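To keep things clear, I will list the structure first and then write my remarks on it.
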Amino acid sequence: MKIGIDLDGVVIDSETTFRTYEEIFDIDILNGNNLINREEPKFQARYNWTKEQEKEFIEKYFLKISKESNLMSGFMATYELLKQQGHEFVVITARGGFIKEMKDDAIRLLNENNITFDKYYWHIDDKLEICQKENVDIMIDDDWRIIKKLSDNKIKTLYFRDTNLMKLKENNYIKEVNNWGEIYRHIKCMKKFL
């Protein structure tokens with residue numbers, strides 16, 4: 001099975017780290033409470049910051065967050081099992097877009113843990129195009145907007161949903177997961193029907 005996989009919030013725990021620093025920045029640096037929608041995955045939609053404040057946050061924290069982030073709990077064991085079973089992994093990520101060094105830092109983290117995916121797509125804005133091009137059987141992502149777009153185009157998805165993020169109604173193309181054990185279960189069950 002060909003599995004499309006996002007990095008941030010799926011393989012790397014950076015999204016939790018991002019949200020921590022977003023709160024610190026909003027409360028301590030901006031001296032306010034600018035949170036407008038905690039269900040949004042990206043800070044640009046979560047807060048009503050100005051473009052200058054967003055730029056300041058990016059410059060001050062993005063690389064720091066990247067360096068502090070680790071692999072998601074349970075990822076290594078599940079990944080190794082799925083690789084042994086012959087599954088192929090295609091990384092489809094926006095990482096490297098805002099700050100190029102974040103791509104390098106992700107490569108460092110993957111190399112330190114001896115993780116080699118089958119194919120990589122970096123700095124991707126349109127994950128649908130890549131999923132179709134690669135003919136992925138399923139895509140794992142943590143952004144509800146991406147999940148919705150893929151599922152609307154009949155691509156099976158696993159929505160790795162963090163607690164506060166937007167809830168989506170499950171259907172034949174959207175299944176919600178909260179950990180790598182659940183991902184393993186869905187992939188194993190799916191394989192039986194392919």
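The values are calculated or read from the model by the stated rules, or taken from the named source; none is laboratory data. Every value quoted in this text rests on a predicted model; they were computed, and no experiment measured them. Quick reminder, even Gly has a Cβ in these numbers, built from the backbone with ideal geometry, and neighbours come from all protein chains shown. Areas reflect the complete protein model, heavy atoms only, side chains present, ligands, DNA and RNA absent. Shrake-Rupley method; radii C 1.70, N 1.55, O 1.52, S 1.80 Å.
Remarks
- Close Cβ contacts (under 9 Å, 6 or more residues apart or on different chains) running from residues in region 43-62 that are in a strand (DSSP E or B) to residues that are loosely packed, with under 13 Cβ neighbours inside 10 Å and at pLDDT 95 or above are absent.
- All told, L110 falls short of being surrounded by fewer than 15 Cβ atoms within 10 Å (Cβ to Cβ), modelled with pLDDT of 95 or more, assigned to a helix (DSSP H, G or I) and not charged (D, E, K, R).
- Apart from one condition, I3 fits all of (1) part of a loop (DSSP other than H, G, I, E, B); (2) touching a His at 6+ places or on another chain (Cβ under 6 Å); the exception is (1).
- Criterion applied to K191, K100, K119 was being modelled with pLDDT under 95, open to solvent by 50 Å² or more (accessible area, probe 1.4 Å), under 30 Å from E68 (Cα atoms) and of a type in the set (K, R), and the one residue passing it is K100.
- The residue pairs whose first member lies in region 103-130 and is among the aromatic types (F, W, Y), whose second member is assigned to a helix (DSSP H, G or I), and whose beta carbons are closer than 6 Å, counting only pairs six or more residues apart or on different chains, are Y121/I130; W122/K103.
- Pairs linking a residue in region 145-172 that is farther than 18 Å from N135 by Cβ to a residue that is open to solvent by 60 Å² or more (accessible area, probe 1.4 Å), with Cβ atoms under 6 Å and 6 or more positions apart or on different chains, are N164/R38; L165/E39; M166/E39.
- Lone qualifier among D105, D137, D152 - being acidic (D, E) and buried (at least 20 other Cβ atoms within 10 Å of the Cβ): D105
- Test set (1) modelled with pLDDT under 95; (2) in a loop (DSSP other than H, G, I, E, B); (3) more than 16 Å from D8 (Cα to Cα) - K154 fails condition number: (1)
- Every residue from region 23-42 that is part of a helix (DSSP H, G or I) and touching a strand residue (DSSP E or B) at 6+ places or on another chain (Cβ under 7 Å): D26
Per-residue answers, yes or no, for (1) more than 13 Å from the chain's Cα centre (by Cα); (2) over 20 Å from T17 (Cα atoms); (3) part of a loop (DSSP other than H, G, I, E, B):
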site	(1), (2), (3)
F98	yes, no, yes
A106	no, no, no
L150	yes, yes, no
M166	yes, no, yes
N172	yes, yes, yes
